[in-house]
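All remarks here apply to the structure that follows.
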Amino acid sequence: MSPYRTHYSKELNQDSDGKEVVVAGWVEDIRNLGSIAFIILRDRQGTLQITTFKKEHPEVFKKLVSLSRESVISVRGICRANEKVRNGYEIIPKDVEILSRAETPLPMGIVDKVNVEMDTRLDNRFLDLRREEVRAIFLIRDKIIDSAREFLRKEGFIEVHTPKIISSASEGGTNLFRIKYFERDAFLAQSPQLYKQMLMATGFDRVYEIGWYFRAEEHNTRRHLNESTAIDVEMAFIENEEDVMKILERMILHICRKIEGMEELSRLGIEITAPSLPLPRIRYDEAIDMIRKKGLEIEWGSDLGSDEERAVGDVMKERGVSFYFITKYPLDAKPFYTMPEGNLSRSFDLFCNGIEIASGSQRIHDHDLLEKRLREDGLDPDDFKAYLKAFRYGMPPHGGFGMGIERLVMSLLNLKNIRECILFPRDRNRLTP
RNA sequence: GCCCCGGUGGUGUAGCGGUUAUCAUACGGGCCUGUCGAGCCCGUGACUCGGGUUCAAAUCCCGACCGGGGCGCCA
């Protein structure tokens with residue numbers, strides 16, 4: 001037990017009534033009425049009230065009312081039940097220790113009644129995170145990751161970590177960050193794709209990685225980051241992509257069940273209902289029909305743009321569905337390692353409320369076909385030698401998916417900006433903090 | 001990469017050729033024994049930078065810098 005605290009704010013109850021307790025935290029507000037003052041103290045659980053009387057403890061009173069907001073203090077005093085206080089208990093202080101005095105004025109208000117812009121919030125993220133509703137996002141995020149891990153372990157997946165410093169363009173498609181690797185150039189990985197596939201040639205059979213994606217795209221939108229996190233899954237000896245989708249949808253269900261009762265959700269005004277399985281599977285062809293019925297023009301074969309994805313999302317929303325798959329994309333719309341099926345592919349994207357949150361497929365496991373597809377995609381097999389080698393000495397049929405963690409958090413919690421979902425976002429302009 | 005938009009006290013805003021530059025909140029001081037968005041009184045505090053137009057620029061024009069957003073791409 002910390003010498004600075006015997007109780008958190010929510011731990012005060014009948015047992016503490018009349019007893020001496022020690023509480024600690026940040027001074028959220030001071031309401032000085034002259035002879036009596038109320039100090040609102042915040043800790044990780046919430047807030048509590050310290051009530052001090054000038055007549056009874058003039059020294060303690062003076063010390064408390066002269067504090068600046070957001071200073072850190074530890075207070076020893078008697079806990080007293082009092083109906084007049086919002087959470088039923090107040091502390092009558094005997095001693096106050098000032099652990100850290102906050103400068104004034106604050107760069108942004110924690111509980112002020114003025115709006116603060118995202119940019120100012122991110123510049124002062126440590127202050128922003130003192131707000132309960134902001135912390136709630138990360139408590140839910142923590143639970144999401146914890147549940148995903150719990151599910152995958154139970155399903156026999158092992159957690160792996162693959163390199164983030166790589167030698168060359170791994171999949172094409174996106175721009176990579178170039179870095180110096182001693183005397184050579186290297187890149188930051190856009191995804192663990194090639195490595196998790198190589199692991200399918202080892203006998204691990206089922207792996208997952210919770211890691212980073214780095215993408216050097218100069219996009220500047222509410223749903224893109226240049227550094228994002230993802231849950232990547234790869235599994236061997238599958239019959240087709242349906243086996244992968246089953247794991248993914250069951251993982252989503254498990255996550256929803258684990259978070260649906262969290263009190264942090266109500267703090268955000270969100271309700272989550274676990275979806276029923278199986279999730280709807282909409283073939284690309286059907287999606288095209290839906291989009292055309294909505295009055296948008298789209299050519300068969302092209303990937304779905306934002307408007308098109310939104311159109312499908314709207315139709316599903318009308319049907320009361322938040323999670324759904326779009327499957328069997330045209331081969332040309334998917335990366336080279338995707339298993340062909342005629343001019344289509346054994347691929348799928350998972351959407352939540354109209355936002356793409358995951359993408360996966362059965363992969364090609366035949367070396368020669370893979371090399372052919374690389375070439376057709378305009379890539380040079382020589383750049384992929386180490387990867388291709390894993391396909392020459394026994395590679396089982398396999399598939400997997402990558403799910404963006406920020407995307408999932410954003411769509412589940414109905415947040416308007418993906419930067420809300422990551423502690424210290426990296427975007428086109430932001431490199432600090 | 002393409003295209004829109006914006007920069008006014010610590011924070012969030014109003015003003016859009018001539019104002020003592022609006023309001024809120026924060027901050028500093030004062031009054032107040034039950035506050036909980038405490039209240040009341042007083043005070044400090046701002047036009048991103050550089051050119052230009054004009055009798056006069058926060059306001060109009062050009063450029064720079066810094067942001068926000070959309071598209072493409074994707075998680």
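The values are calculated or read from the model by the stated rules, or taken from the named source; none is laboratory data. Everything numeric in this text was worked out from a predicted model, so none of it was measured. Using ideal geometry, Cβ is built from the backbone for each residue, glycine included, and neighbour counts are taken over all protein chains shown.
For A:R428, the conditions (1) assigned to a loop (DSSP other than H, G, I, E, B); (2) under 28 Å from A:T327 (Cα atoms) are fulfilled apart from (2). For the stretch A:222-333, please list each of the strands (runs of 3 or more DSSP E) lying entirely inside it that holds at least 3 residues being within 16 Å of RNA strand B (Cβ to nearest atom), of a type in the set (A, V, I, L, M, F, W, C) and surrounded by 18 or more Cβ atoms within 10 Å (Cβ to Cβ). Passing ranges, in order: A:227-236, A:323-327.
Quick grid of which residues meet (1) touching a residue at least 40 places away in the same chain (Cβ under 8 Å); (2) among the polar types (S, T, N, Q); (3) within 22 Å of A:Y208 (Cα to Cα):
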{"site": "A:S361", "(1), (2), (3)": "yes, yes, yes"}
{"site": "A:R373", "(1), (2), (3)": "no, no, no"}
{"site": "A:G378", "(1), (2), (3)": "yes, no, no"}
{"site": "A:D382", "(1), (2), (3)": "no, no, no"}
{"site": "A:Y387", "(1), (2), (3)": "yes, no, yes"}
{"site": "A:F391", "(1), (2), (3)": "yes, no, yes"}
{"site": "A:G402", "(1), (2), (3)": "yes, no, yes"}
{"site": "A:R407", "(1), (2), (3)": "yes, no, yes"}
{"site": "A:E420", "(1), (2), (3)": "yes, no, no"}
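Scoring A:T52 on the criteria (1) in contact with a helix residue (DSSP H, G or I) (Cβ under 8 Å, 6 or more places away or on another chain); (2) under 27 Å from A:I137 (Cα atoms); (3) hydroxyl-bearing (S, T, Y) leaves a single failure, condition (2).
Only one residue in A:M108, A:M118 is within 19 Å of the chain's Cα centre (by Cα) and within 8 Å of RNA strand B (Cβ to nearest atom), so which one is that?
Criteria check complete, one pass: A:M118.
Looking at the stretch A:63-80, which of its residues are more than 11 Å from RNA strand B (Cβ to nearest atom) and not hydroxyl-bearing (S, T, Y)? Of everything in the stretch A:63-80, those that are more than 11 Å from RNA strand B (Cβ to nearest atom) and not hydroxyl-bearing (S, T, Y) turn out to be A:K63, A:L64, A:V72, A:I73, A:V75, A:R76, A:G77, A:I78, A:C79. Can you tell me how many residues in the stretch A:165-207 are over 17 Å from A:D383 (Cβ atoms), at pLDDT below 90 and part of a strand (DSSP E or B)? Qualifying residue count for the region: 2. Candidates in the stretch A:1-57 are the residues that are of a type in the set (A, V, I, L, M) and assigned to a loop (DSSP other than H, G, I, E, B); of these, the one that is nearest to RNA strand B (Cβ to nearest atom) is A:L33.
In the list A:E234, A:E239, A:E249, A:E260, which residue meets the criterion of being within 29 Å of A:I158 (Cβ to Cβ), touching a helix residue (DSSP H, G or I) at 6+ places or on another chain (Cβ under 6 Å) and charged (D, E, K, R)? Criteria check complete, one pass: A:E234.
Under 14 Å from A:L12 (Cβ atoms) and at pLDDT 95 or above: does that describe A:I50? Yes, satisfied.
Residues that are surrounded by fewer than 16 Cβ atoms within 10 Å (Cβ to Cβ) and among the β-branched types (V, I, T) were ranked within the stretch A:192-221; the one that is nearest to RNA strand B (Cβ to nearest atom) is A:T221.
State whether the residues of the stretch A:184-191 include one that is of a type in the set (D, E), over 30 Å from A:A236 (Cβ atoms) and within 15 Å of RNA strand B (Cβ to nearest atom). Checked against the condition, which is being of a type in the set (D, E), over 30 Å from A:A236 (Cβ atoms) and within 15 Å of RNA strand B (Cβ to nearest atom), the stretch A:184-191 yields no hits at all. The one condition from (1) in contact with a strand residue (DSSP E or B) (Cβ under 9 Å, 6 or more places away or on another chain); (2) modelled with pLDDT of 90 or more; (3) over 17 Å from A:I357 (Cα atoms) that A:C256 does not meet is (3). Of the residues in the stretch A:335-358, at least one is without any contact (Cβ under 8 Å) to a residue 12 or more places away in the chain, away from RNA strand B (no atom under 16 Å from the Cβ) and over 22 Å from A:S168 (Cα atoms). The set of residues in the stretch A:334-385 that are over 30 Å from A:G320 (Cβ atoms), in a loop (DSSP other than H, G, I, E, B) and among the charged types (D, E, K, R) comprises A:D366, A:D377, A:D380.
Scanning the stretch A:121-133 for residues that are within 12 Å of RNA strand B (Cβ to nearest atom) and among the acidic types (D, E), we see that the one that is farthest from the chain's Cα centre (by Cα) is A:D123.
Condition check for A:Y393 on (1) crowded, with 19+ Cβ neighbours inside 10 Å; (2) over 14 Å from the mean Cα position of the chain (by Cα): one failure, at (1). Within the stretch A:219-244, residues that are over 18 Å from A:S359 (Cα atoms) and in contact (Cβ under 8 Å) with a residue 12 or more places away in the chain sit with their Cβ atoms under 8 Å from residues that are buried (at least 22 other Cβ atoms within 10 Å of the Cβ) and among the aliphatic types (A, V, I, L, M), at 6+ positions apart or across chains, in these pairs: A:R222/A:I418.
Of the helices (runs of 4 or more DSSP H) lying entirely inside the stretch A:110-161, those carrying at least 3 residues that are touching a residue at least 24 places away in the same chain (Cβ under 8 Å) and surrounded by 13 or more Cβ atoms within 10 Å (Cβ to Cβ) are A:118-123, A:132-154. For A:I98, the conditions (1) touching a Phe, Trp or Tyr at 6+ places or on another chain (Cβ under 7 Å); (2) within 28 Å of A:A136 (Cα to Cα); (3) not in a loop (DSSP other than H, G, I, E, B) are fulfilled apart from (1). Restricting attention to the stretch A:386-408, the residues that are within 13 Å of A:Q193 (Cα to Cα) and part of a strand (DSSP E or B) add up to 6.
If only residues of the stretch A:81-94 that are assigned to a loop (DSSP other than H, G, I, E, B) and under 26 Å from A:A136 (Cβ atoms) are counted, the one that is farthest from RNA strand B (Cβ to nearest atom) is A:G88.
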